[in-house]
Amino acid sequence: MNKTAVYWICQILGWFAFVFINAVFLRISKDASHVSYLSLFILFLLGILLSHLYRYVIIRFKWLSVKTAALVPLFLFSAIFLGSITYVIGGIFNSLLLSQKIQFTKSDVAGALNLSFIYLVWSLIYFLVNFIENYRKEEIKNLRYEASMNEIELNKLKSQLNPHFMFNAMNSIRALIDENPEKSKQALTQFSNVLRNTLQMGKTKLVPFSQEIQLVKDYLDVESIRYEERLQVNYNLDIASSEFEIPPMILQTLVENAIKHGISKFAKGGYITVSSKVENDTLQIAIKNTGKLTTEKIDESIGFGINNTKQRLYLLYNDRANFKIEQSSENEVTCTLLIPKMQNK
């Protein structure tokens, strides 16, 4: 039902309720007559007509955009004016119906004030309805603006991810060219698979968990050729994890940091374990790797991965997702992600 239809229904029902209550009181007081009922019908029509003209004036002169302090006297004056006009016109019709002389006394002031109160209530209801409607429109506008800003921020973060990943992967392949051309070809093939998936992922906010894990596996395969026995990779994945969707490349970024700032720092290399489980409609992902966290200032490249992960999770899930990195044992660092299931994308 559109706004205009709702307005007219409220107009008719509101004024009908007013005259109906008056008719009931007339019936109780035994002052009811055909003339009095006809007078109430005329009042019903006058109320609809004058209040509609009043609405036209409010819209025409943009009263609702006026400050509240200035709006109060406008409403009071209008209510008194309309109440007086309605009472006078109604009195004239009533006198004509009774074939009496048209005259008004001081006692009629109370009747005019009663009608003025009705118009004042009408004004307050009209103002509140429009205030609530405008508030909702402004709220929707703000939400759309916030969503657009989040979209811009997410795209910015994604644009940072692709060059960051490609730079490190190409360096890995370049190191193999002279040492082992055959392995470098294999690494290049795997890198092209990663790059293809990466370009496709940039088109969406969320990807299936299985697709993200495949990207991680391809990336670690490339790095395994470079590190050989110095890199050990283990997976412990809950089959229920496939029901979830997560931000693209969020795990790959953390795995990349684990190798660059963890395993590569140890002469004997180390291990990476990627595990997942589902509890209470929340996907819990843990990435454990050989490494040490330092209390010193985090360098720019490490900060990129951590800050990027935190920002993306907040933009997509607000406070419903969680990320934590900690020294879980003497030579082990653990990154933990808690990601809720998205009901509506």
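Computed from the coordinates by the stated procedures, all read-outs in this text should not be read as laboratory data. In this text the structure is predicted, and so the values were computed from the model without any measurement. So basically every Cβ, Gly included, is an ideal-geometry build from the backbone, and we count neighbours across all protein chains shown.
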At 20 °C and 1.002 mPa s, the Stokes-Einstein diffusion coefficient in µm²/s for the stretch 187-261, with hydrodynamic radius from the Kirkwood sum on alpha carbon pairs, is 165
For the Q214, K141 Cβ pair and Förster radius 56 Å, calculated FRET efficiency rounded to 0.05 is 0.90
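Do any of K205/K277; K183/K288; K265/K292 go past 18 Å between their Cα atoms, and which? Please report the intermediate quantities before stating the final value.
Working: K205/K277 22 Å; K183/K288 27 Å; K265/K292 9 Å.
With Cα atoms farther than 18 Å apart: K205/K277; K183/K288.
Sorted by mean Cβ packing within 10 Å, highest first, what order do the peptides 315-323, 249-257 take?
On the way: 315-323: 15.1, 249-257: 23.8.
Put in order of decreasing packing, that is 249-257, 315-323.
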Computed over the stretch 1-120, the relative contact order (Cα-Cα under 8 Å, seq sep at least six) in percent reads 27
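According to the square roots a ≥ b ≥ c of the eigenvalues of the Cα gyration tensor, what is the shape class of the stretch 3-141, taking rounded for a/c under 1.5, prolate for a/b larger than b/c otherwise, and oblate for the remainder?
Details: a/c = 2.64, a/b = 1.88, b/c = 1.41.
Here the stretch 3-141 falls in the prolate category.
Dipole size in debye (nearest 20) for the stretch 3-141 around its Cα centre, Lys and Arg Cβ +1, Asp and Glu Cβ -1?
Working: 12 positive and 5 negative charges, 47 e Å.
Roughly 220 debye for the stretch 3-141.
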Per the 1/(1 + (r/R0)^6) rule, R0 = 22 Å and r from the Cβ atoms of R320 and L128, FRET efficiency to 0.05 is 0.05
Checked the stretch 180-340 with the C-alpha gyration tensor, a ≥ b ≥ c its square-rooted eigenvalues, rounded below a/c of 1.5, otherwise prolate if a/b is larger than b/c and oblate if not; verdict oblate
Assertion target for H52, H261, H34, ordered by fewest C-beta neighbours within 10 angstrom first, is H34, H52, H261
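Between N331 and T204, what FRET efficiency follows from the Cβ-Cβ distance if R0 is 45 Å, with the result rounded to 0.05? Don't skip to the answer; put the middle values down first.
Details: r = 37 Å, r/R0 = 0.82.
It comes to 0.75.
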Most exposed first, judged by fewest Cβ atoms within 10 angstrom, Y235, Y271 run Y235, Y271
For I339, I213, ascending order of other Cβ atoms within 10 Å (fewest first) is I213, I339
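Report the extension gain between L13 and L38 in nm, rounded to one decimal, defined as 0.36 nm multiplied by the number of residues separating them, less their alpha carbon distance.
Values: separation 25, 0.36 × 25 = 9.00 nm, distance 1.80 nm.
Here the answer is 7.2 nm.
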